[in-house]
Each structure stands twice: as C-alpha cells, then as structure tokens.
C-alpha cells in the first residue's frame, strides 16, 4: 500500500546494461514485498534521465522483466509489482509519441478520435511491460491562471465527461489499467494557484466537478487519484464524503483509490498529526494506495497494532490491489516475452498519424479576414520563439524527444514559401531582434507571428519541488505547467510590442497562439488579419498547422475554453449561474463591470472554418417520460467541404435552484460536403435534464427547458420543452 521508492531513482545504466540500485534492493529486503512502483520510464528534467541514462524502447521489456524477477526471487511475499507510468498525452518515455495536450484535444470536439489515441497509449503501456497509465481527465478548467490548465480538456463538465468516457474505453481495450486524475475540483483552486483551497458549495461540486469522475467510473476506470487541494477546507485525501460516500457508494466505484505523489505525508503534517495516527486517518477516509509517500503508509502496521487502523479496512485496500493484479494476469505470468513487438508498434506510424489527426482537428481558427488559406505564391516571414524549438509545442509531462520530432520552423521551410525566420520578440523583453524582424518583413508578402507562453522543459536547468514534482524555478522561461501559475494572463515578454511594430509595415499578419492556457489576445485580434490557436499541438503540430494555413486541411477546432476579453475579466467560463441582477437577452447575460462591458473575446464552442454552415431547422419529439429526441438540419452553403461541431445547449426555468445561463448537453462533429446538408440527432434524457436540487440530490423537476443548437454563441435554432415529473 506504500510506494516509498520512485522508479526513476532505482536503476543506473551503463551502455546497454542496467542495474538496480541499493535503494530498491533495500526496500525489498526490509519490507519483504512491493505493491507498486512508478515511473521507471520517465525521462525529463525532473528525473534527470535522458537518452544516455534512461530506458529506451529496446530496453523496456527486458528491464521490467529483470525488476519483476528480482522481486520474486528476493521478496518474502512472492507477489509481482504493479508498474506505473505517466500518460497524460502519450506514454511519458523515451521514444514515445508526444500527442497534443488535453486543452488542445478538447478543442477537437472529437472524443472518438481521442478514444483511438488512448487505445494506442494503453497498447504501448501493455507492450512495455508496464501496467498503469496516469491520465489527467477529471479536472475542470475554471481559472486560466492555473499552470495546469494545459492538462484539462475544457471548462465544461459535459465535454470533459465525454472525453473521459472515450479515453477510458479506448485505453481499456488493452491489458492495462487506467488511473484517472484528479479527484476532485483541482481546476477551481483559489486564485488559480496550484494545490490551493477550493471553495465551492455542494451544488457547484455536483454540477461542475463530479460529473467527469462519474462518467469515467461508469466507463470502467480502474484507479482514481485524489487531488492535492482541499474542498471546503477538507483535504481530498482525508475527505471521506468524497472518497467513500460519493465515489464508492453513489458512483459505485470498485477500483483502487490512489494518493497523488507525496500527498499523504504532506496532509499528515499539515493536519498536525503524528505519522501513525495520520496514516490511519487517511486509510479511514478511503485511500488504498499511497504514491511516493516517504514511508507514510508503512506506519499502518503500527496503527493496526495500536488499534488506530481497522484491519478490515487494510484488508479491503489490499484486496482491491490484488484483484487488479489478478485482472492483469500477473499471478499467472508476471513477465512479457522479449521480442520486437514494442519496436514494431512504435515504428508502425499509427501513433504519429493519430497525433497529426488530433492536432489538425484541434486547431481553432479565431479570425480570418480573407488572408487564409495562404497563396502559395506569397512569400512568408516566420517570426517567434515558438517556431524554433519543438519543446514549445509539446507541453508538460513530456519526455525528451528525438530528432524526428520537428519544430514549426523546420516544417514550414518545406511546406511554405518561406522568406526566412527570426525570433523577433523575446520572452525576457529583449528588443535586439526587432530590426531583424522588420528587415525580414520588408522582403515578404505575409507575416506569421507565434505568440503565447512556454512549458518547454528540454533542459536540466530546472529546480523542482521534489514533494510533488512541480517545477518551481527555471533558467529557461516557463510560465505554464505544474507549479507555473501566473497572476496576469497578458502575453509574456514583448510579443504585443513587436506585433504593434509589425503592423506599421502594412503587411498582413497571421498570429498563431502556441500556449497552455488562454491569454489576453484582444489587441492582437484587433491588429492581425488572421488568428489561430493551436494550444500545445504535440510533435506533429507543425505539420498540422502548415496544412491548415495552406488549405490542405479545413480548420474544425472549436474553443473548449473561453478566451477572456481582458486579464481582469475572470472568471470567464460561459456556464455560470444566472445573476440575480441580470436578464437573458440575445447576448445572454446583461451583467457587466462598470468599466468594461465585455467579459469574453472568443466564447466557448467558437471557431471558424473555410466553409460556411447554415443552421436550417430543429425538430423535437417526445419519446417517453422525460425523454426527447432532438433533430437539427445543418447545411454547407459553400464550395468547400468541412467539419462542423454541432452543439446543443439547454437553459432550465422554473426550478428550485437558479439555473446556469446555458449548459452544453450534446455535441457531434460531422463532415458536410459542399452545398449539401446533414441531419444530426441528439437525445435528452435523465442524465442531461437532471439537476442537483435543493434536496441535495440529482432529480428531475417540473419546469421548462429552453433548447439551443448552433456553434459557440451563434445558436440560431431555439425551442422549448416542458418537463413533467
């Protein structure tokens, strides 16, 4: 139950040979067994492993077999160990494909594609002789200042829930276990600061933060990882209401509950408890397995002897862990055949194609004054630090990559009529390259400028908080990722200053946002002729961007988070509860600041296309008690075929609680050929129409429900139904 030893600290490499360190061997000697161990494969600035010191694809199976054999040969209890690996957007290992981050994936509005992606992630973990993938998929993005926003699918719980369901189902097609994190509400931390308190009421908790976990559990999640934060003052790791009442009793979760790294000793210390009592309290609250816990859960033996820990609870936790080992077949055969299956899979190209497809479907076109697609005869100036370094487009929880992963600049040299590249702006505000940028633009017809932040961790010049793995200091500029929260979402460095300068050239400007969070891009949007956001598009992002800019691919991404009008316009999420002083109008809620009548620059669900779509009609049919079928007809009125993310929202009226302005309750991404139409069908039933009522439970209530269909804030199809319970 205690994971005291971290995998990346337990081995050393000499050429092609690996040896287990004494730290690993001593744990087996002293405690006679090991339940689970994490991140042998992780290779980044945090672990200090790289291509010369880490485990490469050809080593993975041999090393895992060696480690299992040592345990079975030397442990008192001959039980195989569970091996865990980070898998936020691909397996966090040397040689693995780096997919787009979740913020990018959410903008695809395509859970089916994500399911295919996660199928390959689960397959790679299985073929690597690992067993558990840690995947962020439960958090809701409520504050863009939070550095981990890049890991989240969306600000909307319904959209997140559909991706969580798809991800779990895809992953579980393989003989591997998926650990879904974080439970719960970590995305609503105070001031957007990592691990800080979360002050939400029980209704906000059930409306916004719990649905993704419920959907993941129903899809078959194996492990749920608790979050660092408190909810209403109670740390998630000792919150029996969340861990036992909600997760196990209400949601029916049967799997393993896992602590986050170093969370158990930290919460024990913060609550002012002695180690033995603290370990007993964490167990009582509902944590089965403790990750990187500095020996905290090793105190459970003493707690049981002193009568502080119920041996029945220990048995239940151990049973759940052993059951998962049985499911994997580890007791029958803890080893994997050492052949070329993993290498063949990695080199097959299937993951590279999925990484490209996901990036291509996730890029959001925010503005286009007719400059896109770019004419092949136009000479293009490329400016911006992001274009020069592949790591700027990869995001956090990313391994060191090999030379096959190409930066935007290197791709654009081959695909665009590039007149040249220069960095232009600087994250540090240095203007020494401004003149180079202006000279480059003089000989160009079109200017492409990258803007945004950085989670680039491609060096070892980082200082980490080794109590949770978050970066706390870097010689290279970082303003995003775990531990990199910011107070101001203005564009960093002198990016805006350079764009203002380039405007004077009179050349059309295309701005590419490469980022792990929304930034204030209002002025950029006023200046630029076209604006796109790619978020962190992964290692195939350069190719996807090139194909969209040149028209080979029609952009179909839609914003999964709102982009604020100004840094002070927070929170900016769309699905807030209707204000007592506001009224519903065509602009939704007329309730603004005295010094600013706008909250959002680009709203949730928004995105442009090279096609033009027309929403023709909507028909609602009652199919049963509180069960409705909604059909909408959408027409492509342009000469270009394209994909549209059709969105269905509701707004409830006449209920016991004040309802949200609008709530996403259905979406489908469809391809519509030129000058043709498609019919999209949605179902509204109990899950979509329920509310968390004044009775503090989910139920249906009598009342009216407005239905809206469209895209973003353009929702031309509207009707109303009545709920009769």
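Since every read-out is calculated from the coordinates, none of them should be taken as a lab result. What you see is a predicted model; the values in this text were computed from it and never measured. Note that we place each Cβ from the backbone using ideal geometry, even for glycine, and neighbour counts take in every protein chain shown.
Rounded to the nearest whole angstrom, the semi-axes of the ellipsoid equivalent to region 306-392, taken from the Cα gyration tensor as √(5λ), stand at 52, 23, 13, largest first.
On the beta carbon distance between residue 681 and residue 402, with R0 = 35 Å, the FRET formula returns roughly 0.20. Length gained on full extension, residue 62 to residue 343, computed as 0.36 nm times the residue gap minus the Cα-Cα distance: 99.9 nm. With an a/c value of 1.5 or above and a/b larger than b/c for the gyration tensor axes a ≥ b ≥ c computed over the alpha-carbon atoms, region 211-283 is described as prolate.
Counting other Cβ atoms within 10 Å as a rough exposure proxy, the listed residues 206, 131 run 206, 131 from fewest neighbours to most.
Between residue 592 and residue 203, what length in nm is gained on full extension when 0.36 nm per residue of separation is reduced by their alpha carbon distance?
Details: separation 389, 0.36 × 389 = 140.04 nm, distance 2.43 nm.
Length gained between residue 592 and residue 203: 137.6 nm.
Helical runs (DSSP H, four residues minimum) scored at -39500 (n - 2.57) apiece and divided by the length of the chain put the mean residue ellipticity at 222 nm at -7000 deg cm²/dmol. Of the two radii for region 198-251, the radius of gyration is 0.94 times the Kirkwood radius, both from the alpha carbons; that is the Rg over Rh value. Expressed per residue, the C-alpha convex hull volume of region 161-235 stands at 85 Å³. The separation of region 177-233 from region 495-517, counted between C-alpha centres, amounts to 37 Å.
Modelled spin labels at residue 415 and residue 29, positioned 7 Å past Cα toward Cβ, are 5.5 nm from each other. Taking every DSSP bridge with both residues inside the chain, close to 60 percent are antiparallel. Sorting 326, 480, 179 from the fewest to the most surrounding beta carbons within 10 angstrom yields 326, 179, 480.
Express the Stokes-Einstein translational diffusion coefficient of region 27-84 in µm² s⁻¹, to the nearest whole number, given a Kirkwood radius over alpha-carbon pairs, 10 °C and a viscosity of 1.306 mPa s. Mind showing how you got there, number by number?
Details: Rh = 12.4 Å.
My calculation gives 128 µm²/s for D.
Hull volume per residue, based on the alpha-carbon atoms of region 343-459 and their convex hull, is 141 Å³.
For region 346-561, the direction-averaged projected area of the alpha-carbon convex hull comes to 12.2 nm².
Need one word for region 373-438: rounded, prolate or oblate. Basis is the Cα gyration tensor (sqrt eigenvalues a ≥ b ≥ c); a/c below 1.5 gives rounded, then a/b vs b/c decides. Oblate. Fraction of C-alpha pairs exceeding 19 angstrom in region 260-328: 30 percent, rounded to a whole number.
Each of 441, 180 was scored by other Cβ atoms within 10 Å of its Cβ. Listed from fewest to most, they are 441, 180.
For region 221-362, the calculated P(r), taken from all Cα-Cα distances in 5 Å bins from zero up to the bin holding the longest distance, is 2, 9, 15, 17, 14, 11, 10, 9, 7, 5, 2, 0 percent.
Once you have a ≥ b ≥ c as the square roots of the Cα gyration tensor eigenvalues for region 613-723, tell me rounded if a/c is under 1.5, and otherwise prolate or oblate according to whether a/b is larger than b/c. Verdict is prolate for region 613-723.
What do you get for Rg/Rh over the chain if you use C-alpha atoms and the Kirkwood form of Rh? Intermediate results must be reported in sequence, preceding the final value.
On the way: Rg = 25.7 Å, Rh = 26.5 Å.
Rounded to two decimals, Rg/Rh equals 0.97.
Relative to the compact-globule estimate of 2.2 N^0.38 Å, the Cα radius of gyration of region 413-455 comes out at 1.25. Summed over all non-identical Cα pairs, the Kirkwood treatment of region 545-700 gives a radius of 18.0 Å.
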